[in-house]
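The values are calculated or read from the model by the stated rules, or taken from the named source; none is laboratory data. Quantities reported herein were computed from a predicted structural model and do not represent experimental measurements. Counting neighbours? That spans all protein chains shown, and the Cβs are built from the backbone with ideal geometry, glycine included.
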2 protein chains.
Amino acid sequence: MIKIIDPYGSGLVGDYTKAIKEFGLEVFTPDMFPEPNRAMRRGVVFAGRDLKIIAKCIKEKKPFYALSGIMPTNEQIHLGNKIVVENLAYFQKHGAKTFILVADLEAAAARGVSLEEGRRRALEFHIPAYLALGLDPKKTTFYFQSENKKVIHFAYEAAKKITLNEFRAVYGNAEPGRIMSAVTQIGDVLYPQFEERMPGIIPVGLDQDPHIRLARDVVKRMKTKKFFAVSSIYHKYTPSLDGSIKMSKSKPESCISLPEDPVAVCNKIRKALTGGRDTLEEHRRLGAVIEKDMVFELLKQHLIEDDDELNRIYEEYTTGRMTSGEIKQLACEKMTNFMNDFTTKLEKYKKIVDKLNFIKFS
Amino acid sequence: MIKIIDPYGSGLVGDYTKAIKEFGLEVFTPDMFPEPNRAMRRGVVFAGRDLKIIAKCIKEKKPFYALSGIMPTNEQIHLGNKIVVENLAYFQKHGAKTFILVADLEAAAARGVSLEEGRRRALEFHIPAYLALGLDPKKTTFYFQSENKKVIHFAYEAAKKITLNEFRAVYGNAEPGRIMSAVTQIGDVLYPQFEERMPGIIPVGLDQDPHIRLARDVVKRMKTKKFFAVSSIYHKYTPSLDGSIKMSKSKPESCISLPEDPVAVCNKIRKALTGGRDTLEEHRRLGAVIEKDMVFELLKQHLIEDDDELNRIYEEYTTGRMTSGEIKQLACEKMTNFMNDFTTKLEKYKKIVDKLNFIKFS
């Protein structure tokens, strides 16, 4: 029986257990990596592929890389991006060569955003935002997909290795733009290995697993190139404030974007689904149903770093000493601090964006 | 009633008439352009799209371009390529800026030929061969698709403008490699207009019309870019020596490649389908059935430049004064001369390939 380590429960375990079985993922446990980060310690990171080779690289200080992409389709990011960046920062701190690519070609092919517009958005918002979330600007290498001829050339070769039916099975949607976007992404995740074959890890949400599977399949079909199939690490979605599995901009009242006005965010938190009981008397007597509580989930996933502090809140809330109103107030204060800190850092990094390590291609 | 001008008949008129109706092509007549070339004068060139604007550019000496691509999938070309080059040379002589691109990315995506191998084949064979067939080396601009970032970027934007269903309707095959190849081709045919909007003409065989249609559709969907939809001009296939509609390497005994050993070619010509009668007596009395005669078709399409000379042969052969054996002998001699001349020029141009006008991309 597969068990996902989630000390606080999330009410969503079933879906993730199913995904692990269906996609053949490895279950993640916090003892796999040294000094696990918040998401790793708390069951937010729940699975991966080929994690042992990454653990070995960390332990033996061997070269490996961590990579993620920026899709410059709009000028906001969400809490899911935040966890990706925090995982990247974790591997960066533990020795990974760290790459962030701007998927401007993908944004053009799949969403119709012009390259100029994609570049502008990435420089003026996404890259500073990623740094504001914890990447080390001195240790992170950036590039624009549209400038990386090697990745593009690889995409054309990789396209020949995938049939339309496979594509459709993996993505459902097999529109021409989607196809070009996906094969280019395969080039990107392997790019650090073009120069030096080494393991690499891609932190993603579960919905990105199709890309990972396809990239791993292509590697197997290009045996002569001797790439390491990329490893991946999966985190749970930040649930929507109304309790559904994933926060989504399609339901703005239940979604928190970065950046977003703290006052507006606090209003949303006040309306969020909690595990509080119908009456105060009942709540005091039975305590909160933690699995249903989206506000506790916010604290756990995003707002409280210290485990002891989170444990105290867990204890007080589940025993009814703390009310839903109080936990909402706490979440509002923490979120306001976070949002203010984020926007301050965002402005700071906007000013140094031209000094970052962008790969110059000849 | 559509009538294709073909003074000698070819036995294949029906198929081409049908294509004109189905695809909505313009019927080509030799009076459309000044000093029509052999293929234009003899009904081999039979149709086009937007030909008037090209005729106007020629007449008024306004800028326009002619463009074709080299697909470096093997190291032979065929008689169909020869007519493409002759048509290109015609427009070059009448003022067209002339572009030849090496479709190395397409060869990788659709056929799995590596970029290095594609480049080698193009430089060592295809480019010298195209020059040997009549292009002016000083007036022709070459580039490699894989180096042309602007074309590639355009391909990613164009992909978003086409649905999978449209793709399937146009090509039948909608494999990922095929899709990448096709959208890149759209970038190529428009590339000369990236700098300067002007009409352009693409000489192609009928089987290439899907590419042209798709490129024209994409132009219509990118109205703001103000491209001229490309014009096209179609030539009939050189029929297989056994009488079927198109020479094909799948039937090597009925196919003539460039280059090919003249002795082997003469053997194939001797076995070709002719319109000669069953007995000499009958032949003298009735003359050859010219519509069936693949050897006369070779003379008409490829081997005899002078119209008076071709008319004399037509006259003698259709009245029975000339036999099938004699016309085969004549074709063999002409083909041997052509093949020797071609290989001599091929060797000559191989030596100067590094001095040609290749676009250098930054």
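Residue under question is B:E75, and the condition is that it be part of a helix (DSSP H, G or I) and among the acidic types (D, E); does it hold? Full working, then the answer.
Details: part of a helix (DSSP H, G or I): no; among the acidic types (D, E): yes.
Answer is no for this residue.
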* Structure fact -> All-but-one check, A:K220 against (1) under 18 Å from the mean Cα position of the chain (by Cα); (2) under 30 Å from B:S181 (Cα atoms); (3) away from chain B (no Cβ under 14 Å); (4) not acidic (D, E), failing number (1)
* **Subset of the range B:49-72 [hydrophobic (A, V, I, L, M, F, W, C) and in a loop (DSSP other than H, G, I, E, B)]** => B:F64, B:M71
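Going through A:K97, A:K82 one at a time, which residue ends up being of a type outside the set (S, T, Y), more than 14 Å from chain B (Cβ to nearest Cβ) and surrounded by fewer than 21 Cβ atoms within 10 Å (Cβ to Cβ)?
On the way: A:K82 fails: surrounded by fewer than 21 Cβ atoms within 10 Å (Cβ to Cβ).
Just a single option satisfies the conditions, and that option is A:K97.
Suppose the filter is buried (at least 20 other Cβ atoms within 10 Å of the Cβ), more than 23 Å from B:M247 (Cα to Cα) and either within 11 Å of chain A (Cβ to nearest Cβ) or in contact with a Leu (Cβ under 9 Å, 6 or more places away or on another chain) (or both); does B:Y90 pass it?
Criteria not met by B:Y90.
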* Which listed residue is of a type outside the set (D, E), on the phi < 0 side of the Ramachandran plot, in contact with a Ser or Thr (Cβ under 8 Å, 6 or more places away or on another chain) and within 14 Å of another protein chain (Cβ to nearest Cβ), from B:A107, B:A66 -> B:A107
* For B:I179, are the conditions met, namely being surrounded by 15 or more Cβ atoms within 10 Å (Cβ to Cβ) and at pLDDT 95 or above? -> no
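Among the residues of the range B:20-40, write down those that are among the basic types (K, R) and surrounded by fewer than 17 Cβ atoms within 10 Å (Cβ to Cβ).
Filtering the range B:20-40 for residues among the basic types (K, R) gives B:21, B:38.
Correct list: B:K21 only.
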* Asked: Has the range A:20-39 got at least one residue that is modelled with pLDDT under 90, among the aliphatic types (A, V, I, L, M) and either within 25 Å of A:M198 (Cα to Cα) or not assigned by TED's automatic domain parsing to the domain that holds A:K292 (or both)?
  -> no
* Structure fact -> If we keep only residues of the range B:188-209 that are of a type outside the set (D, E) and modelled with pLDDT under 95, then the residue surrounded by the most Cβ atoms within 10 Å (Cβ to Cβ) is B:V204
* Structure fact -> Of the candidates B:L280, B:L330, B:L286, B:L303, the one satisfying the condition of being within 22 Å of the chain's Cα centre (by Cα) and among the hydrophobic types (A, V, I, L, M, F, W, C) is B:L303
* Asked: Taking the condition at pLDDT 95 or above and either within 20 Å of B:V85 (Cα to Cα) or surrounded by fewer than 17 Cβ atoms within 10 Å (Cβ to Cβ) (or both), does B:T279 pass?
  -> yes
* To do: Taking the options A:E86, A:E75, name whichever one is under 15 Å from A:T140 (Cα atoms) and touching a residue at least 12 places away in the same chain (Cβ under 8 Å).
  => A:E86
* Which one of the conditions (1) surrounded by fewer than 16 Cβ atoms within 10 Å (Cβ to Cβ); (2) touching a residue at least 60 places away in the same chain (Cβ under 8 Å); (3) of a type outside the set (K, R) does A:V265 fail to meet, given that it meets all the rest? -> (1)
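Could you list, in sequence order, all residues of the range B:282-311 that are of a type outside the set (A, V, I, L, M, F, W, C) and crowded, with 16+ Cβ neighbours inside 10 Å?
As a first pass, look at the range B:282-311 and keep what is of a type outside the set (A, V, I, L, M, F, W, C): B:282-285, B:287, B:291-293, B:297, B:300-302, B:305-309, B:311.
Listed by number, the residues that qualify are B:H283, B:G287, B:K292, B:D293, B:E297, B:K300, B:Q301, B:H302.
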* Inside the range B:210-262, can you point out the residues that are at pLDDT 90 or above and in contact with a Cys (Cβ under 7 Å, 6 or more places away or on another chain)? -> B:S240
* Structure fact -> Within the range A:148-166, residues over 25 Å from the mean Cα position of the chain (by Cα), facing chain B (nearest Cβ under 8 Å) and closer than 17 Å to A:V102 by Cβ come out as A:K149
* Since B:V113 meets every condition but one in (1) in contact with a Leu (Cβ under 9 Å, 6 or more places away or on another chain); (2) outside any helix (DSSP H, G or I); (3) crowded, with 20+ Cβ neighbours inside 10 Å, which condition does it not meet? -> (1)
* To do: Hey, can you tell me all the residues within the range A:167-204 that are in contact (Cβ under 8 Å) with a residue 24 or more places away in the chain, more than 9 Å from chain B (Cβ to nearest Cβ) and over 23 Å from the mean Cα position of the chain (by Cα)?
  => A:F194, A:E196, A:R197
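For the range A:59-79, which positions are exposed (fewer than 15 other Cβ atoms within 10 Å of the Cβ) and polar (S, T, N, Q)? Walk me through how you get there before you give the answer.
From the range A:59-79, those exposed (fewer than 15 other Cβ atoms within 10 Å of the Cβ) are A:59-63, A:74-75; that's our starting set.
Of everything in the range A:59-79, just one residue is exposed (fewer than 15 other Cβ atoms within 10 Å of the Cβ) and polar (S, T, N, Q), namely A:N74.
Touching a residue at least 40 places away in the same chain (Cβ under 8 Å), on the phi > 0 side of the Ramachandran plot and under 20 Å from the mean Cα position of the chain (by Cα): does that describe A:G95?
Values: touching a residue at least 40 places away in the same chain (Cβ under 8 Å): no; on the phi > 0 side of the Ramachandran plot: yes; under 20 Å from the mean Cα position of the chain (by Cα): yes.
Against the criterion (touching a residue at least 40 places away in the same chain (Cβ under 8 Å), on the phi > 0 side of the Ramachandran plot and under 20 Å from the mean Cα position of the chain (by Cα)), A:G95 does not qualify.
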* When you go through (1) farther than 30 Å from B:A96 by Cβ; (2) part of a loop (DSSP other than H, G, I, E, B); (3) in contact (Cβ under 8 Å) with a residue 24 or more places away in the chain one by one for B:D278, which number turns out not to apply? -> (3)
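Among the residues of the range A:125-151 satisfying the criterion of being of a type in the set (V, I, T) and surrounded by 23 or more Cβ atoms within 10 Å (Cβ to Cβ), which is nearest to A:E86 (Cα to Cα)?
Of the range A:125-151, the ones of a type in the set (V, I, T) are A:127, A:140-141, A:151.
Retained after the next criterion (residues that are surrounded by 23 or more Cβ atoms within 10 Å (Cβ to Cβ)): A:127, A:151.
Numbers: A:I127: 14, A:V151: 26 Å.
Top of the filtered list is A:I127.
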* Selection status of B:L133, more than 9 Å from every other protein chain (Cβ to nearest Cβ) and either farther than 18 Å from B:A108 by Cα or of a type in the set (K, R) (or both) -> yes
* Structure fact -> Note on the range A:220-262: residues in a strand (DSSP E or B) and either surrounded by fewer than 21 Cβ atoms within 10 Å (Cβ to Cβ) or of a type outside the set (S, T, Y) (or both) are A:I233, A:H235, A:S257, A:L258
* Asked: If you go through the range B:3-17 one residue at a time, do you hit one that is modelled with pLDDT under 95 and in contact with a strand residue (DSSP E or B) (Cβ under 7 Å, 6 or more places away or on another chain)?
  -> yes
* To do: For B:N311, work out the one condition from (1) part of a helix (DSSP H, G or I); (2) touching a helix residue (DSSP H, G or I) at 6+ places or on another chain (Cβ under 9 Å) it doesn't fulfil.
  => (2)
